[in-house]
Amino acid sequence: MTETVPSYLSPTGQEIVFLLLGAVAVGSALLVVVTRQLVHAALWLVLCFGALAGCYLVLTAEFVAWVQVLIYVGAVVVLLLFGIMLTRAPIGRAADLDSGNKIVAAVVAIATAVVLVTVVVDGFRTAYAPLDSATGSAKELGSAVFRNWVLPFEALSVLLLAALIGAIVISRTDIRGRD
Amino acid sequence: MHVVYPAIVSALLFSIGVYGVLARRNTILVLMSVELMLNAVNLNLVAFDVWLRDRLHGGQVLTLFVIVIAAAEVGLGLAIVLALYRNRRTVDLDRLRTLAETPPSAADPASAASPTGPDSPAVAGRGRPGGEGGPPAGAAAAPGAGPERVARAEETS
């Protein structure tokens, strides 16, 4: 799969679309972490997750893309918005959303980005994945989950159930511990 | 599709998530940054699954599992944040210094002025009367806390 690598200078249409979607995702993710309004951060998160779903679609992983839209955009962001409302966060512009160690955090993040991008470019420069056949349809992934990954799937169902019961127990006030 | 492109996008997303976790003060924003980091890993998993043409579809199935775990994590995290907000009236990570080794420094006068030791909020959290939600319960639930803390709880409610 690494014999013939097409040139980087003549990108295909899929690569152009992927790079545009990736730029949208990275840009909106940057706005999530620098915006001064809490609700806007959640809305930029929606855009970031949507762009990532588009990236999955370009990578022929359509089932993962729809699951991303359903669970992340539909459930996780709504949960986060509920959390913002229930903690009575400031709706408008708030100055105290960032802690004092912004510069250290920026240095650490830039160092992480430099190291990761260098390693990744060095390691996968010659890797090429042709996107000719769709491999991520719901049928294929469903049969993969229920043929080869049944045990992790069931364990994960129990984990999700336990986590949500735990969330209910934590957030209810009329359940007391054993005294 | 060159594998470098999704790998670079995911590396940048991960670093942005690192910045958000380290630089944000609001707990919900930190949770959002953790979601960004999980999504970066998901993009890597999908890209490498497509590149390696895994017959078991390990990468995409693991992506689904990570999405489910992220949903569970957000549910539990928000429950903890709400419990925290009920007890402390704040979700700022800088003020939650109960588990710190040293006593709170002078940089945080609100909690430094508390006359009791750093373990009093834990006791207050355990002995909290149940069934009486709302601000009065939150204020009355901190019997060992200093007058500043109760006053702050009443002014924010």
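Since every read-out is calculated from the coordinates, none of them should be taken as a lab result. On a predicted model such as this, the values are computed, not experimentally measured, just so you know. Cβ atoms come from the backbone with ideal geometry, glycine included; neighbour counts cover every protein chain shown.
Here are a few things to note about the model shown:
- When each of the peptides B:88-95, B:59-66 is scored by the mean number of other C-beta atoms lying within 10 Å of its residues, the order from highest to lowest reads B:59-66, B:88-95.
- Rg in Å to one decimal, and Dmax rounded to a whole Å, for region B:4-88 via C-alpha atoms: 15.2, 51
- Summary of the geometry: region B:5-25 and region B:68-89, compared by the centres of their Cα atoms, lie 22 Å apart.
- Nearest 10 degrees, 0 to 90: helix A:102-123 Cα axis against chain A principal axis: 30 degrees
- Ranking B:83, B:61, B:30 by Cα position along the charge dipole of region B:4-88, where only Lys, Arg, Asp and Glu carry charges on their C-beta atoms, puts B:83 farthest toward the positive end.
- DSSP-assigned coil residues among trypsin sites (Lys or Arg not before Pro) in region B:1-68, each with at most 16 further Cβ atoms within 10 Å: B:53, B:55
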